[in-house]
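Report on the structure given below.
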Amino acid sequence: MRAMVLTKPGVPLQLMELPVPKPGPEQVLVRVRACAVCRTDLHIVDGELPALKLPLVPGHQIVGTVSEVGEKVQGIAPGDRVGIPWLGATCQQCRYCKSGRENLCDRALFTGYQIDGGYAEFAVADYRFCFPIPEGYPDLMAAPLLCAGLIGYRSLRMVGEAENLGIYGFGAAAHIIAQVARWQGRKVFAFVRPGDEKGRQFALQMGAVWAGDSTEMPPEPLDAAIIFAPVGELVPVALRAVVKGGVVVCGGIHMSDIPSFPYEILWGERVVRSVANLTRRDGEEFLAIAPRVPVRTEVSPYPLEEANRALDDLRSGRLQGAAVLVIGE
């Protein structure tokens, strides 16, 4: 099979011919049709997250068709269309797994990080961590739901009943979650890179009631804010924009250092918290909600062999919505 492979952090992926993997007893072999490109992939490729497996096939927003199933697989059959997310396996025995917090499992394994992912023609996955894809979503449009959607949804859950919601960094996750937030009756205030008029207009098209530079204060105080941009300097900016009792959610797996800030902007029972990974419950809930909104994903397709160009476009901020590698026909 063809695959784009990371051999060393900081260098471009290499197109290689690899053996088709064999599924284990509790795994399915999936013929990959589409795999969305995530900023976490970029952090891994650029070496901002430590390389835990080399060589590595990145990619964890996978949509494909089951080709083969292991002997212990239940409820999934060859021909089924499934999605493979970031969370690839957990111990299912630790205090976190037993309390509904499997996203915090210390022995969790992640797709495209410790497990070869979807920048390839085939991938294997634990069947218990695969999701059925909602009807009505073509492979290309469904792929961003598997992380941008799922992690975004978990971040949105963390803001509680906030009515005025700020979103810093209007990329793949933000453009999905803004639609869900508006469907829930919230007002979305979008913050983009200074001078990014195209991004500002995109945010307004996705339902934001206001969109401006990340350095600006919104026209109304925020009840909560989600930071999708991996920029630590935005934490004190967001804290200044939220009301007392408000929450600032950091929605990425990696962020630059947060600078020191005066206690007065945290005081008043404001909260700063992170979101780590996802649970299968998050996936089930979000994939049930997405068709009801309905969530519309904006995607830019790339052939598998142009994965490096897709990553570079994400790195440089040239994308609107999500980049998706189109692998199957």
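Based on the mean of other beta carbon atoms within 10 Å per residue, what is the order of 185-197, 33-45, most packed first?
The packing order, highest mean first, is 33-45, 185-197.
Rounded, prolate or oblate: which one fits segment 9-120, using the alpha carbon gyration tensor with axes a ≥ b ≥ c (rounded when a/c is under 1.5, else prolate when a/b beats b/c, else oblate)? Could you put the intermediate results ahead of the total?
Working: a/c = 1.94, a/b = 1.10, b/c = 1.77.
Because a/c hits 1.5 or more and a/b fails to exceed b/c, segment 9-120 counts as oblate.
Can you list residues from other chains, or at least 5 along the same chain, whose modelled amide H is less than 5 Å from the amide H of A51?
none
Among the GluC sites (Glu not before Pro) in segment 80-136, which ones are in a DSSP loop with at most 10 other Cβ atoms within 10 Å of the Cβ? Mind listing them? The partial results should precede the final answer.
Numbers: sites: E102, E121, E135; in loops: E121, E135.
Counting only loop positions with at most 10 other Cβ atoms within 10 Å, the GluC sites (Glu not before Pro) in segment 80-136 are E135.
Once amide H atoms are placed 1.01 Å from N in the peptide plane, what residues at a sequence separation of 5 or more from I327, or on another chain, have their amide H within under 5 Å of its amide H?
Hits under the 5 Å cutoff: A34, C35.
Which is farthest toward the positive dipole end of the chain among L54, P78, S155, measuring Cα position about the Cα centre, with Cβ charges +1 (Lys, Arg) and -1 (Asp, Glu)?
Final value for the positive-end residue is S155.
Rounded to the nearest 20 Debye, what is the dipole magnitude of segment 5-159 about its Cα centre when Lys and Arg each give +1 and Asp and Glu each give -1 at the C-beta?
Computed about the Cα centre, the dipole is about 500 debye.
Peptides 201-210, 242-251, 311-320: what's the order by average Cβ count within 10 Å, highest mean first? Present the calculation step by step, with values, prior to reporting the outcome.
On the way: 201-210: 19.1, 242-251: 20.6, 311-320: 16.0.
Final packing ranking: 242-251, 201-210, 311-320.
For a quick check: with amide H placed at 1.01 Å from N, whose amide H comes under 5 Å from S274's, ignoring anything fewer than 5 positions away on the same chain?
Here the answer is C250, since their amide H atoms fall under 5 Å of that of S274.
Could you tell me which of S260, G245, P134 has its Cα farthest along the dipole of the chain towards the positive end, charges placed at Cβ (Lys, Arg +1; Asp, Glu -1), taken about the Cα centre?
G245
Over what distance in Å are the Cα centres of segment 243-312 and segment 160-209 separated?
Rounded to whole Å, the Cα centres lie 12 Å apart.
Bear in mind that the values in this text are calculations on the coordinates, not laboratory data. Because the structure is a prediction, the values reported are computed rather than measured. Quick reminder, even Gly has a Cβ in these numbers, built from the backbone with ideal geometry, and neighbours come from all protein chains shown.
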